[in-house]
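The structure under discussion appears below in the form of structure tokens.
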Amino acid sequence: MNLLKPIKLVNTFVLGSLFFFQVLNAQNIYPNKPIRLVVDSVPGGTTDLLGRIAADGMAQQFGTSIVVDNKAGATGNLAMDYVMKSNPDGYTLLICANGNLLIKPFLEIGSNFNPVMDILPVFNTAELPHLIVIPASLSIKDLNGFIAFAKANSGKIFYGSAGIGSQPHISGSQFSRVIDIKSEHVPYKGMGSAMTDILAGRLQFMSAAYGTVRPYVKSGDLKPLAVGSKKRISALPDIPTASEVGFPNWEMSAWFGIFAPKGTNYEILKMLNERLQIVFDDPKIKLKMNEIGAESVGGSISTFSDRIKSDYKIYGQVIKESGITFN
């Protein structure tokens, strides 16, 4: 009599049962220790602020500590590498902006990181549409007026960014091509320095997330011409989208997502997604976000995953067309 086949069937059943109960147990007891939320930037910025909103909310939802760990450096690589190498148990998460996640793989020579394959999406916290802004010293009323001005001053149009390959750089370059003007990029070490020069009139335009330019738009020192989202933003209902004024090929938004290491159990990811949705659906949180020009996004893991895939493809095409490189 051959006893090997029944034994194999029994072992398969036992192993399957053990896996089932391990997953069930993980759902029932998670989390049973502090969760670390790694932020890929310095304290005080938009990513950090959204990370702390998420951390405070998760702490209340789960009844456990959420440690916010700022690991700024190497334009996000330090935080990314740390999280990717962490144990995929749901206790180490990352929050970062789409620029660091989706742009750098196309610009860094030798990079083999693929945001679609190498890290898992958890939750899309918020979106900050880009605006095209000009200094108030330019007596221009709208985007068509700026285009006429730029073409009349060919070779004298400059825009700034936080550095080569940054989202404002990619966006400004794409905007110039879409509206068919010649412009020169001026890279800075951060948006603060770029802001100083555009306010002084040394730059003629800039693409920046609304949260970055919000104080100067409110004061009248910068004039917004167009918003890079699919619809007008609630904070600036009178400012048209680029599509509305005839340039549908320019869209740009900074969004901020939470991620987990590859291999993290899906049930844990789903639980995190559901709890974070509760946090960011809170009217008080939405009001706080509106104060920095952020719009709540949320949604399922699959919806977020689809957006990452779509945006990654778009960025690849834009960077290829622009010819932008770090060298």
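A few comments on the model shown:
- Proxy reagent accessibility, fewest Cβ within 10 Å first, across Tyr188, Tyr315: Tyr188, Tyr315
- Summarising the strand pairing of the chain, around 60 percent of its internal DSSP beta bridges are antiparallel.
- Length available on full extension from Glu244 to Ser65: 0.36 nm per residue minus the Cα-Cα distance, which gives 59.9 nm.
- Val67 long-range amide H proximity, modeled H, under 5 Å: Ile35, Arg36, Leu37
- 0 to 90° range, to nearest 10: angle between helix 210-219 axis and the chain longest Cα axis: 40
- Fraction of alpha-carbon pairs over 17 Å apart in the range 104-160 - percent: 64
- Here the Kirkwood formula, the inverse mean of 1/r across different C-alpha pairs, assigns the chain a hydrodynamic radius of 21.3 Å.
- Rounded to the nearest 10 degrees, the angle from helix 4-29 to the longest Cα principal axis of the chain is 50 degrees.
- Isotropically averaged projected area of the range 72-148, using the convex hull of Cα atoms (one quarter of hull area), nm²: 8.3
- Degrees, to the nearest 10: 301-322 long Cα axis against longest axis of the chain: 40
- Ranking of Asp180, Asp238 by count of other Cβ atoms within 10 Å, fewest first: Asp238, Asp180
- Simple point charges give the picture: +1 on the Cβ of Lys and Arg, -1 on the Cβ of Asp and Glu, and for the range 246-290 a dipole about the Cα centre of about 140 debye.
- Taken as Cα centroids, the range 50-100 and the range 274-313 sit 16 Å apart, rounded to the nearest whole angstrom.
- Per-bin percent of Cα-Cα distances, the range 128-273 [10 Å]: 12, 41, 29, 10, 7, 2
- On the beta carbon distance between Leu78 and Lys309, with R0 = 25 Å, the FRET formula returns roughly 0.50.
- Along its principal axes, the range 92-214 has C-alpha extents of 50, 30, 25 angstrom, given from the largest down.
- Contour excess over end-to-end distance, with Cα ends at Ala136 and Lys284 and 0.36 nm allotted per residue: 49.9 nm
- Space enclosed by the convex hull of the alpha-carbon atoms of the range 247-308, per residue, Å³: 112
- Flagged links, alpha-carbon separation over 21 Å, of Lys218/Lys288; Lys104/Lys309; Lys270/Lys309; Lys156/Lys223; Lys104/Lys288: Lys104/Lys288
- Note on the range 129-227: antiparallel DSSP beta bridges, both residues inside, total approximately 65 percent of the bridges counted.
Rule-based calculations on the coordinates, nothing more; no lab input. Worth saying up front: this structure is predicted, and the values here are computed from it rather than measured. All Cβ positions, glycine included, derive from the backbone under ideal geometry; neighbour counts span all protein chains shown.
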